[in-house]
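Input: a single structure, listed below in C-alpha cells.
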C-alpha cells in the first residue's frame, strides 16, 4: 500500500512514467423497439425490454501526473489480452521511455508471465525489462487511480444501452478525447502518513 501511495507523490519522470490500469466488463444491450422521440414536456422514452448482446471488456490506462488516459475495448480479458495491452502501452504510447511503472490490481493475469503466454520469449523478455509492475494489495483496489477514471467513464458515458463492440469503442474514444482535451486530473490527497493514521489497524503491532 505504501509503495503505491509513495508513487503518487513522487516527481514526474518522463524516462519512467507512472501509469495506472484497470479493467471493467460492460454488458452490451440492444433496443428491441425504437425509442420514442422527445416531445414538449416529455423526455425521450425507451421500452423496458432489451436484448442482451454479450459482454465487452474495457481496459483503462491513466497517467495521473499528466492527466492523460487511454481506453481500449476488447472482447475478453484473458492473460493474452492483458499482455497485448501492455505491449501497446509500451510500444505505442511510451516507445521512448526506458521503463514504465504500471500500477494494477492483484489479479493472476497481471504478471509478466502473461507476456510469455502471448509472445515469443525474445519479445516477452524485451517487454518485461521495460515494465515495472506494482500491485495494489488485495481488497484495496481503491488505491488504483484508474478505478476512479473507470467510475467517471461509467457515469459520464456508459450509463445507457450500448448495442455492440464498435459503438462502445467509438463512445469511449470520444469520452477519452474530450477528457484529455480538458486536462482532467484526479485530485489525489491520500498519503502514506494518512494511511499510517487512518488505517492503523492494518499495520502490525511492534514492541519496543
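The values are calculated or read from the model by the stated rules, or taken from the named source; none is laboratory data. Note that the structure is a prediction, hence the values are computed from the model and not measured. Reconstructed Cβ throughout: ideal geometry from the backbone, glycine too, with neighbour counts over all protein chains shown.
Quick look at the numbers
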read-out	value
Checklist (1) within 19 Å of the chain's Cα centre (by Cα); (2) under 28 Å from residue 28 (Cβ atoms); (3) surrounded by fewer than 18 Cβ atoms within 10 Å (Cβ to Cβ) applied to residue 51, failing item	(1)
Tally, over the stretch 125-173, of residues that are assigned to a loop (DSSP other than H, G, I, E, B), within 17 Å of residue 61 (Cα to Cα) and free of Cβ contacts under 8 Å to residues at least 12 places away in the same chain	0
Candidates 115, 107, filtered to the one that is at pLDDT 95 or above and either surrounded by fewer than 17 Cβ atoms within 10 Å (Cβ to Cβ) or in contact with a strand residue (DSSP E or B) (Cβ under 9 Å, 6 or more places away or on another chain) (or both)	115
Count - residues of the stretch 174-208 that are under 18 Å from the mean Cα position of the chain (by Cα) and assigned to a loop (DSSP other than H, G, I, E, B)	6
For residue 146: the one exception among (1) surrounded by fewer than 20 Cβ atoms within 10 Å (Cβ to Cβ); (2) out of contact with any helix residue (DSSP H, G or I) (no Cβ under 9 Å at 6 or more places or on another chain); (3) closer than 15 Å to residue 20 by Cα	(1)
Residue check, residue 196 modelled with pLDDT under 95 and within 19 Å of residue 73 (Cβ to Cβ)	no
Residue match in the stretch 186-196 (condition: surrounded by 12 or more Cβ atoms within 10 Å (Cβ to Cβ) and touching a strand residue (DSSP E or B) at 6+ places or on another chain (Cβ under 9 Å))	yes
Subset of the stretch 78-105 (residues that are touching a helix residue (DSSP H, G or I) at 6+ places or on another chain (Cβ under 9 Å) and closer than 20 Å to residue 25 by Cα)	78, 79, 80, 81, 82, 83, 84, 86, 103, 104, 105
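Residue-by-condition table, conditions (1) surrounded by fewer than 19 Cβ atoms within 10 Å (Cβ to Cβ); (2) in contact (Cβ under 8 Å) with a residue 60 or more places away in the chain; (3) not in a loop (DSSP other than H, G, I, E, B):
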{"site": "6", "(1), (2), (3)": "yes, yes, yes"}
{"site": "24", "(1), (2), (3)": "yes, yes, yes"}
{"site": "27", "(1), (2), (3)": "yes, no, yes"}
{"site": "59", "(1), (2), (3)": "no, no, yes"}
{"site": "91", "(1), (2), (3)": "yes, no, yes"}
{"site": "98", "(1), (2), (3)": "yes, yes, no"}
